[in-house]
Structures are given as structure tokens and as C-alpha cells.
Amino acid sequence: MSIEVVTTIADMRALVDSVRGASRSVGLVPTMGYLHAGHRSLVERAAAECDHVIVSVFVNPLQFGPGEDLERYPRDLAGDTATAAAGGAGTVFHPTASEMYPEGEPLTRVIVSKVTEPLCGRFRPGHFDGVTTVVAKLLAICDPDRAYFGRKDAQQLAAVTRMAADLNFRARIVACPTLREADGLAMSSRNAYMSPADRAAAPAIFAALEATAAIVVAGERETSVVEAKLSGELAGRPRLDVEYAQARDARTLAHPDTLSGEVLLAVAARCGPARLIDNVVIDLNGPRPAVDAGEIKGEP
Ligand code: PAF
């Protein structure tokens, strides 16, 4: 399938108008590029559900704090275009920072309160404001019927879902499973930062999440007991510097004393130069707890 790379907002709008004019639906997969198999699965899902798929590739300066990895974030437009095409996308939207922010820092930001405050919000001040602002701009520019986000970024997913509902965007926000390497490590563009020794240590995060999910499945509902188990599983693991290890409501990110509904077990840890996040969700609504840990897709 042929794919077009569009770099201006005007051209992107004209393309969307022509797709919509032909009564065809639009799917958007927002990314910062350096696409991996997890991104590819989002593109494939979008292509299965929408007539025309746009993959945005934009390393958004607004969501990086001072001293974070904006400059060294990995970039590979040729590889991304090939991956997007192979997944069934028709367009890559790749604007420059000055196309997206012609006045520099925008005076308007989209701020979602509450769900952005705990977890990563405590360690990356302003990060989610940057994410929801750029996602709002991408939704305004591409006006998709559906927009696809990975469950690995659970807090981002919660914030974007709430923003799209609060601001009445047309797009339905579609949550897609986390894809994992053969040893359980969640796929991420930032995994490229790790040395072999860091990489060997990193799967301990998913192992800790799985061991903790097992006690919830077995009937444990006290948040403090579940969090103690998660922290205990991570304690002393080489090369992992844990920022948080928590159990929360998966949708609101509230922190009740007793777990019910959909439970998010979430971890953030530094592993060498990479900051890794991961989670599993346990649905306690049915007759039996159901664990969503994503899918192992990597080669052994
Ligand atoms: O998840 C990401 O890659 C980014 O946060 C997103 C949603 C593309 C916004 O820049």
C-alpha cells in the first residue's frame, strides 16, 4: 500500500476533508515515532476498523520536562513510514515543532485535573498537560472517528479518554493491549536506551506485577497489602530504582483502601538511562477476576 508523508496542518486538513468527503472513516494513531511492534499493532487495529489511517509522528517538546530526553529521543522517519505502511496506514503526519507551535510555547493548554496528579504526575510535572494539549491539537487537525492508544501508558489513556469526553471530540478513544517482549518487558521506544545489563534486569518489573496480580486474583483486596506485595517483589532487584508501585482504580486513578471494579497495578522505575512504566489491570466485576497483562509478542 502506498503511503504519503504530510508535514503541514493545511495539507493534513485537506486530506482529511477529501477522505471524509468520500464518506470514508478516519483512524488516528498518535505516536512520537521510533515505532515498534506495539505501535504496529495499533496501526493494524486502526486499519481493521477505519477506512483511512493516519499515523502522527511528532516528538512533542511540550511534554518533556527540563533535563528529560527530548534531544536524544530516538528518531527514524524512514523506518516509521515503512512500519506504518506495512500496518495499513495511508498517511504519516510528521509536522515540525514550528508547524505545531508557531508562536513557540502556546498560551493555551489542555489540562485534565485529578487523573493526571498521582503516579507519573508527581514525578513529571507538566508532562500530562503537554500530552493532552498535543493530543487535542492532533484531534482538532485530523478529526478522526477513532484514535488508538496503548494500555501501557495507563495514566495517559485515562487522561486522554477523559479529555475527549469532556471536550466533546468526535473521536472514540480506543484502548489497545500492551505488547511485551518474550521475557515480559513491555515494548517501548525508550527500551533502546538500556545497556545489555539493564535490559536483563528490566523484566523484573513485569514479574513483580504478575506476582502481585496473583494475590488479588486469590482474593486480597486491601490496597496496603497489595502495594506492600508489589514493593516487596521489586525490593532489591538489581538496577531498578523504583519511583512508585501502586494499586489504583483503573479509570479514575483514585486510591481507595479496598480494591474493587477495575484495578490498576502500576510501576515506574528507572533502569539505567531509561525510565520504564508498566501495569496490569485486574477486572473484579465478573464472577472471577480477569487479569489484562497485555500480550507476549517478542521473539525469544
Ligand atoms: O504516547 C505517546 O507516544 C505520546 O505521549 C503521544 C500520545 C503521541 C503524545 O505526544
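The values are calculated or read from the model by the stated rules, or taken from the named source; none is laboratory data. All values derive from a computational prediction rather than experimental measurement. Using ideal geometry, Cβ is built from the backbone for each residue, glycine included, and neighbour counts are taken over all protein chains shown. These area figures cover heavy atoms from the full protein model, side chains too; ligands, DNA and RNA do not enter into them. Shrake-Rupley method; radii C 1.70, N 1.55, O 1.52, S 1.80 Å.
Of the residues making up region 233-242, those that are open to solvent by less than 40 Å² (accessible area, probe 1.4 Å) and acidic (Asp, Glu) number 0. The residue of region 243-260 that is nearest to LEU230 (Cα to Cα), among those that are open to solvent by 50 Å² or more (accessible area, probe 1.4 Å) and touching a residue at least 40 places away in the same chain (Cβ under 8 Å), is HIS255. Looking across PHE64, PHE58, PHE123, one residue alone is under 23 Å from MET194 (Cα atoms) and touching an Asp or Glu at 6+ places or on another chain (Cβ under 7 Å). It is PHE123. Residues being more than 16 Å from the ligand (Cβ to nearest atom), crowded, with 23+ Cβ neighbours inside 10 Å and under 17 Å from the mean Cα position of the chain (by Cα): count how many of those fall in region 40-69. The number of residues fulfilling the criteria is 0.
With respect to the conditions (1) touching a residue at least 60 places away in the same chain (Cβ under 8 Å); (2) within 12 Å of the ligand (Cβ to nearest atom), LYS137 falls short on a single one, namely (1).
In region 113-140, the residue that is nearest to ALA97 (Cα to Cα) out of those that are crowded, with 20+ Cβ neighbours inside 10 Å and among the aliphatic types (A, V, I, L, M) is VAL134. Residue check: is VAL5 under 30 Å from MET187 (Cβ atoms) and out of contact with any Gly (no Cβ under 9 Å at 6 or more places or on another chain)? Considered against the rule, which asks whether it is under 30 Å from MET187 (Cβ atoms) and out of contact with any Gly (no Cβ under 9 Å at 6 or more places or on another chain), VAL5 comes out as yes.
Of all the residues in region 20-37, those that are in contact (Cβ under 8 Å) with a residue 24 or more places away in the chain and open to solvent by 10 Å² or more (accessible area, probe 1.4 Å) number 10.
Looking at region 266-285, can you tell me whether even one residue there is more than 22 Å from ALA158 (Cα to Cα), open to solvent by less than 10 Å² (accessible area, probe 1.4 Å) and without any contact (Cβ under 8 Å) to a residue 60 or more places away in the chain? The answer is no, given that none of the residues of region 266-285 is more than 22 Å from ALA158 (Cα to Cα), open to solvent by less than 10 Å² (accessible area, probe 1.4 Å) and without any contact (Cβ under 8 Å) to a residue 60 or more places away in the chain.
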